[in-house]
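The values are calculated or read from the model by the stated rules, or taken from the named source; none is laboratory data. Since this is a predicted model, take the numbers as computed values, not measurements. Because the Cβ atoms are built from the backbone with ideal geometry, glycine has one as well, and the counts that use them run over all protein chains shown. Heads up: the accessible areas ignore ligands, DNA and RNA and are worked out on the full protein's heavy atoms, side chains in. Shrake-Rupley method; radii C 1.70, N 1.55, O 1.52, S 1.80 Å.
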Amino acid sequence: MAAPVSWRRLVHSVYTPALAGVFTRISDRLFRTRDRRRGSSVLLLAPLLAEADPAPRRVCKPTGLAGAQGTDGLHARFQWMSEHVPAFRVPGAHIHILTSPDQFYQVMKAHIKTARRRVVMASLYLGTGPLEQDLVDCMEEALERSQEDSDAPDLKVSILLDYTRGSRGQINSRTMLLPLLQRFTSQMRVSLYHTPDLRGLLRLLVPQRFNETIGVQHIKVYLFDDSLIISGANLSDSYFTNRQDRYVLLENCGEVADFFSELVGAVGDVSLQLQPDDSVNMLEGMVHPYKVCTCSHVSAHSHMDLSRHKPGNRDDFSASARRRIMEVVDTARTRQQLLNQSEDSGDEDVGERVEEDTWVFPLVQMKPLGIQVDEQVTQRLLTDAGPDATVFLTSGYFNLTRAYMGLVLGAGADYRILTASPEVNGFFGAKGVAGAIPAAYIHIARQFYSKVCQLGQQERVHLHEYHRPQWTFHAKGLWYYLQGQDRPCLTLIGSPNFGYRSVHRDLEAQIAIVTQNQELQAQLQEEQEMLYKRSTEVSSSTFERPDRHVKLWVKLVTPLIKNFF
């Protein structure tokens, strides 16, 4: 046991961030002359060696808000989020919590069929089964109707997926969408995001099934005209049938829909574009995510047209992508600040403002591109959760970062944390190394629970496991209650899992909903109760059961699993 620890500490002592930067620049230059065959750097060896989590950053607490109670002080208590992101004021009656995979699927299909102007879908991948094909058929039906209705069809369909996951296997997300792209070329756009961290030797050596562990496009947004669904669910059959997630439908919320349409479009702009012949290329003038030189030709296997993209290393791509994406966030934030100031000054109808009793704050996390808005907001939210608050937090893959764990264990709020029991973990029963992942999460949970007990926090921090036969669990987010309130006034919902991957590797987005609307609060309360009533609370005896035994080799590889799964 001592040897691995000593080896890891030795590596950490020599592999500093400064050395990582030097290593990256040297390797990019080394591979620039060999880019035609290989890639640009071995940068991604760095995350394999670097420390899993930085120490928690000190977060400044707001002043003058400690006494905000009930719904009267909600605006004052959480309005600090508008310093980071746009603040959209919407009617709470327009927001609906969906509760089941089938409801999510049926609502999505119904909205696609009736869309007139735009369908925007962002997901990790699109599955290849009959249910997914039915979804594609709905898009085809909408596009056909659009062509029949006018000589210049208005409906545009934009799909954003991850390149590595969407390209896996002979039949994949790309092949599912190609018939639509070939038939409706002027109305369809399929963008495939490729992380800049999968490059050089790593891109050549990591097998196809595992290359997505380096980093993926993980945002889950499904948008239809001025309505949208924010979720953690992918476009795959299990997410439509027996994989429990969370889903929120915002109907007729044009400003929010415009923002997410622009956000997905910005990520799409810096992604590879799928062509009708199944090749991919970059938009003209965009920096390529992993190629660092302009080449006259490439192999047929790569399907790359590099004649139109700018050469650049990882930093070039990340800086370019960050500018494009933050332009959307900053422009919307400025616009909403001016609009909200105008409304608060009395320029808008009072009755209309009363109806808009809910705030929506979009949170974006894309650390490979230097964007960490969600992390900053989440840390401050957890920091502010004092003795007057109760937080119900859930994650399909319980793996709090060191910073989040420190805030949970050091704050004054009561926490009820829900995670998947081993049998409802999505990797349960998987072949090979992946089959050890549920056991690794048992080990992570046990370490966390032991820390809770060591600190004497058992009365304040409670850990729960979700159980449901023949189902898997993928729900994530939180519900925030103020003292004396039996309904939540705030929720976080979207793609992040509060873990290392969500913070450091993937592209993520969620929304914070702050609401005074009692009906919406009741929906959120029912959602929370629906999930937690299928759980059991963890105790010391839980980890003594035979089915909670974790083999030694799994414990040894758990630090690796924490960083990549």
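To keep it simple, each residue is scored yes or no on (1) among the β-branched types (Val, Ile, Thr); (2) in a helix (DSSP H, G or I); (3) closer than 21 Å to Lys476 by Cα; (4) over 20 Å from the mean Cα position of the chain (by Cα).
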residue	(1), (2), (3), (4)
Pro86	no, no, no, no
Ile97	yes, no, yes, no
Phe104	no, yes, yes, no
Lys113	no, yes, no, yes
Gln133	no, yes, no, yes
Ala142	no, yes, no, yes
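Taken over the stretch 404-443, the criterion of being under 17 Å from Asp547 (Cα atoms) and assigned to a helix (DSSP H, G or I) is satisfied by Pro422, Glu423, Val424, Gly435, Ala436, Ile437, Pro438, Ala439, Ala440, Tyr441, Ile442, His443. Do the conditions hold for Thr558, that is, is it in contact (Cβ under 8 Å) with a residue 12 or more places away in the chain, open to solvent by less than 10 Å² (accessible area, probe 1.4 Å) and in contact with a Leu (Cβ under 9 Å, 6 or more places away or on another chain)? Here the answer is no, as Thr558 does not meet what is asked. Scanning the stretch 111-133 for residues that are closer than 26 Å to Val267 by Cα and either surrounded by fewer than 17 Cβ atoms within 10 Å (Cβ to Cβ) or not aliphatic (A, V, I, L, M) (or both) gives His111, Lys113, Thr114, Arg116, Arg117, Arg118, Ser123, Tyr125, Gly127, Thr128, Glu132, Gln133. Considering Ser302, Ser345, Ser296, Ser307, the condition of being of a type in the set (Ser, Thr, Tyr), modelled with pLDDT under 95 and under 28 Å from the mean Cα position of the chain (by Cα) is satisfied by Ser302 alone.
For the stretch 413-466, the set of residues classified as free of Cβ contacts under 8 Å to residues at least 24 places away in the same chain and not hydrophobic (A, V, I, L, M, F, W, C) consists of Gly429, Lys431, Gly432, Gly435, Pro438, Gln447, Ser450, Gln454, Gly456, Gln458, Glu459, listed by residue number.
Scan the stretch 90-106 for residues that are open to solvent by less than 30 Å² (accessible area, probe 1.4 Å) and either touching a Leu at 6+ places or on another chain (Cβ under 9 Å) or over 18 Å from Ala257 (Cβ atoms) (or both) and the total you get is 8. Any idea which residue in the stretch 165-191 is nearest to Arg209 (Cα to Cα), counting only those that are open to solvent by 10 Å² or more (accessible area, probe 1.4 Å) and of a type in the set (Val, Ile, Thr)? Applying the filter and picking the extreme gives Ile171.
Candidates are the residues of the stretch 227-261 that are of a type in the set (D, E, K, R) and farther than 22 Å from Pro101 by Cα; the one that is most open to solvent (accessible area, probe 1.4 Å) is Glu255. Screening the stretch 181-201 for residues that are assigned to a helix (DSSP H, G or I) and out of contact with any strand residue (DSSP E or B) (no Cβ under 7 Å at 6 or more places or on another chain) and picking the one that is nearest to Pro153 (Cα to Cα) gives Arg183.
When each of Leu204, Leu178 is tested for being assigned to a helix (DSSP H, G or I) and either under 30 Å from Asp316 (Cα atoms) or acidic (Asp, Glu) (or both), the lone residue that passes is Leu204. Applying the condition of being out of contact with any Gly (no Cβ under 6 Å at 6 or more places or on another chain) and either of a type in the set (A, V, I, L, M) or at pLDDT below 95 (or both) to the stretch 152-164 and asking which residue is surrounded by the fewest Cβ atoms within 10 Å (Cβ to Cβ) yields Ala152. Of the residues in the stretch 380-398, not one is open to solvent by 40 Å² or more (accessible area, probe 1.4 Å), more than 20 Å from Gln447 (Cβ to Cβ) and part of a helix (DSSP H, G or I).
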